[in-house]
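Read the structure below first, then the notes.
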Amino acid sequence: RDNLPLLEFRRVLFRSLKKCRARQEAVAVKNKASRPIVGVVGEIYVRSNEFSNENALKAIEGFGGEAWLPPISEWFLYTNETNFMRAKLEGTWGELAHLKLHHHFQEKDLHQLEAVYKGFLKNFHEPAIKETFDYADPYLDPSFEGEAILSIGKCKDFILKGASGLVNIMPFTCMPGIIVTALLKRFRDDNDSIPFLNLAYDGQEQTN
């Protein structure tokens, strides 16, 4: 930010995103044929960090797929929702009001920034966290906190958007990832036998 005032920083960021979109739209595409969509879910950090997942998304695309990854904002909005539920359970209404106000401005900023890419990204719309909970409802209850419910719910969202396969990325021995690994077997049976892979990483080069 270079010590820019917050409002000026937002304007600079907004302009930068517009420039990014213009540059991305100008990239020449040799083959515009559609590719099978592969939805990627899993532990927030490892699925998002190329070093930690050994460039798994590039590997998917190198094999001819189109990799879709949920945004980092999913986790922030999820932790907001769990904080809402905890405040209601404990009856801390002042804290709940503070959390709701904080969440309102977070969402406002998010929608303003992502609007730059409307009409450009095929996987533009992200479901609200409660919608993700609904998708995961046959398998997990929201009281079971962590990435597992997000992964299962997002798998359903990806299928509804046309995904041809799913990949669950996790750190080695990650408990939420192991839970998703087990639930995906039933999930596959409930969703036309959609293929999936579970990939675990431990910081060393893998055969994945």
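Structure notes:
Residue-wise test of (1) closer than 23 Å to Pro36 by Cα; (2) touching a strand residue (DSSP E or B) at 6+ places or on another chain (Cβ under 7 Å); (3) without any contact (Cβ under 8 Å) to a residue 24 or more places away in the chain.
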residue: Thr79; (1), (2), (3): no, no, yes
residue: Leu99; (1), (2), (3): no, no, yes
residue: Val116; (1), (2), (3): no, no, no
residue: Leu121; (1), (2), (3): yes, no, yes
residue: Glu126; (1), (2), (3): yes, no, no
residue: Lys154; (1), (2), (3): yes, yes, no
residue: Phe158; (1), (2), (3): yes, yes, no
residue: Pro176; (1), (2), (3): no, no, no
residue: Thr181; (1), (2), (3): yes, yes, yes
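- Residues of region 130-174 satisfying the condition of being assigned to a loop (DSSP other than H, G, I, E, B), in contact with a helix residue (DSSP H, G or I) (Cβ under 6 Å, 6 or more places away or on another chain) and either modelled with pLDDT of 95 or more or of a type in the set (A, V, I, L, M, F, W, C) (or both): Tyr139, Leu140
- Matching residues in region 164-201 - criterion: being in contact with a Pro (Cβ under 8 Å, 6 or more places away or on another chain) and buried (at least 16 other Cβ atoms within 10 Å of the Cβ): Gly165, Leu166, Met170, Gly177, Ala200, Tyr201
- Residue within region 118-127 that is open to solvent by 60 Å² or more (accessible area, probe 1.4 Å), of a type in the set (Gly, Ala, Ser), at pLDDT below 95 and closer than 30 Å to Phe14 by Cα present: yes
- Listed by position, the helices (runs of 4 or more DSSP H) inside region 1-114 whose residues that are surrounded by 13 or more Cβ atoms within 10 Å (Cβ to Cβ) and either in contact with a Ser or Thr (Cβ under 9 Å, 6 or more places away or on another chain) or on the phi > 0 side of the Ramachandran plot (or both) number at least 2 are 44-48, 73-90, 93-114.
- Taken across region 33-45, residues that are in contact with a Lys or Arg (Cβ under 8 Å, 6 or more places away or on another chain) and without any contact (Cβ under 8 Å) to a residue 40 or more places away in the chain do not occur at all.
- Verdict on Glu147 being of a type outside the set (Ser, Thr, Tyr), touching a residue at least 60 places away in the same chain (Cβ under 8 Å) and buried (at least 17 other Cβ atoms within 10 Å of the Cβ): yes
- Of all residues making up region 176-208, the number that are small (Gly, Ala, Ser) and over 20 Å from Asn49 (Cα atoms): 2
The values are calculated or read from the model by the stated rules, or taken from the named source; none is laboratory data. Keep in mind that what you see is a predicted model, and the values were worked out from it rather than measured. Virtual Cβ from ideal backbone geometry, glycine too; neighbours counted across all protein chains shown. Note: accessible area is taken over every heavy atom of the protein model, side chains too, but ligands, DNA and RNA are not part of it. Shrake-Rupley method; radii C 1.70, N 1.55, O 1.52, S 1.80 Å.
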